[in-house]
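The values are calculated or read from the model by the stated rules, or taken from the named source; none is laboratory data. Just so we're clear, the structure is a prediction, and the values are computed from it rather than from any experiment. When we count neighbours, we look across all protein chains shown, and the Cβ atoms used for this are built from the backbone with ideal geometry, even at glycine. Keep in mind that these areas ignore ligands, DNA and RNA; they rest on the heavy atoms of the full protein, side chains included. Shrake-Rupley method; radii C 1.70, N 1.55, O 1.52, S 1.80 Å.
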Amino acid sequence: MPANLDTDLLRAFVAVADSASFTRAGERLGRTQAAVSQQVRRLEDTVGKRVFERDTHGVRMTRDGEVLLAYARRMLTLNDEVMALMHRSPTVASVRIGTPDDYATMLLPDVLARFNAAYPDVMVEVICDNSPDLVAEIDKGRYDLALVTRKAGEAGGELVRQEPVSWVAPPQEPVSPSGPPPGHRPVESLDPLPLALFPKGCVVRDLAVAALDGMGRDWRVAFTSKSVVAVHGAVMGGLGVTAMENCTIPPSLRRIGAAEGFPELPDIDIALHRARGTAPKPVRLLADAIHDLVGRQMLGRRVPNRDVPVPAREVTS
């Protein structure tokens, strides 16, 4: 008979993987560091593989551990969904999650559908704002969770997924037999470059303007909005170009890059922050669903451009 995986052991394994520390995992689980270490060793005995390499520099996941992690998250999510369905309380509660508008629109629908299947009586409140503001608010205990953007490799929160960032322009217009109208130029070739951006404080906005400054290209803000639908519409209408995480770019818009004279943009991290203290079961289920559904496609990190930046000026309208 095949061995069965103990969900308590899997939960300890996932906690260590998320926190990169046996001590912090123990604090999260309410157990001692020694107890968590023993659980991980029992899991390794069960699967017959090492899942972590331990040395003086810390804890590093093995290749077998990375494979197991994806399955462990799915198994725990299903376990918690079943238990939630069997033991859900008739009392109506609420879960508050903060996230930028583009993630709420493009990443969360599947997550919320799974959560609703387990907790149909729990109200979910989604608050949209810039990532730095959301992190500050969750530190004050105003949200249960925050799914945010951070620069690649930054500390804070649990890494859910790494995502490339691309420049985005309007779709190309069909070329008429007589050619383009006199004086017509694609918006991405205009000088100064018009940009359609999220408000100041947006991590991707900061990366985009820093990249343009680094190559010495002049730019101006032609459109700004907190709404991803509004930014998509502004780009579609030719008001300007923008920079977006690949997972938030609709197929109707056109990605541009080095061929059009644009600098490469670094990847970003999508990270999950939790409120301090022991979270109620609905909050834990929502967090696990985010890791499972948003984080299942881990993407590699590109090497950033190492060119020496040359300051540029922002041209005001």
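Which condition from (1) under 26 Å from ARG276 (Cβ atoms); (2) assigned to a helix (DSSP H, G or I) is the one that VAL59 breaks?
(2)
I'd like to know if the range 34-51 contains one or more residues that are of a type in the set (Gly, Ala, Ser), within 14 Å of ARG11 (Cβ to Cβ), open to solvent by 30 Å² or more (accessible area, probe 1.4 Å) and in a helix (DSSP H, G or I).
Scanning the range 34-51, I find at least one residue that is of a type in the set (Gly, Ala, Ser), within 14 Å of ARG11 (Cβ to Cβ), open to solvent by 30 Å² or more (accessible area, probe 1.4 Å) and in a helix (DSSP H, G or I), so the answer is yes.
Determine whether GLY30 is loosely packed, with under 12 Cβ neighbours inside 10 Å and closer than 24 Å to GLY141 by Cα.
When the stated conditions are applied, GLY30 passes them.
Do any residues in the range 62-89 that are over 16 Å from LEU10 (Cα atoms) have Cβ atoms under 6 Å from those of residues that are surrounded by 13 or more Cβ atoms within 10 Å (Cβ to Cβ) and of a type outside the set (Asp, Glu), where the two are at least six apart or on different chains, and which pairs are they?
Within 6 Å, the pairs are ALA84/ALA118; ALA84/LEU285; LEU85/ALA118.
Out of everything in the range 269-293 that is at pLDDT below 90 and assigned to a loop (DSSP other than H, G, I, E, B), what residue ends up being most open to solvent (accessible area, probe 1.4 Å)?
ARG276
Is it fair to say ILE256 is of a type in the set (A, V, I, L, M), farther than 30 Å from ASP121 by Cβ and crowded, with 16+ Cβ neighbours inside 10 Å?
Values: of a type in the set (A, V, I, L, M): yes; farther than 30 Å from ASP121 by Cβ: yes; crowded, with 16+ Cβ neighbours inside 10 Å: yes.
For ILE256, the condition - of a type in the set (A, V, I, L, M), farther than 30 Å from ASP121 by Cβ and crowded, with 16+ Cβ neighbours inside 10 Å - is met.
Kindly indicate the residue of the range 196-237 that is part of a strand (DSSP E or B) and under 19 Å from ASP133 (Cα atoms) and also most open to solvent (accessible area, probe 1.4 Å) among those meeting that condition.
First pass over the range 196-237, keeping only residues part of a strand (DSSP E or B): 196-197, 215, 219-224.
Among the residues that remain, those that are also under 19 Å from ASP133 (Cα atoms) are: 197, 224.
Values: LEU197: 5, THR224: 75 Å².
Here the answer is THR224.
Which one of PRO100, PRO109 is over 28 Å from THR23 (Cα atoms) and open to solvent by 30 Å² or more (accessible area, probe 1.4 Å)?
On the way: PRO100 fails: open to solvent by 30 Å² or more (accessible area, probe 1.4 Å).
Going through PRO100, PRO109 in turn, the sole match is PRO109.
Okay, residues lined up against (1) in contact with a Ser or Thr (Cβ under 9 Å, 6 or more places away or on another chain); (2) without any contact (Cβ under 8 Å) to a residue 24 or more places away in the chain; (3) more than 30 Å from ALA93 (Cβ to Cβ):
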| position | (1), (2), (3) |
| --- | --- |
| ALA211 | no, no, yes |
| MET215 | no, no, yes |
| PHE223 | yes, no, yes |
| GLU260 | yes, no, yes |
| HIS273 | no, no, no |
| PRO280 | no, no, no |
| ILE290 | no, no, no |
| LEU293 | yes, no, no |
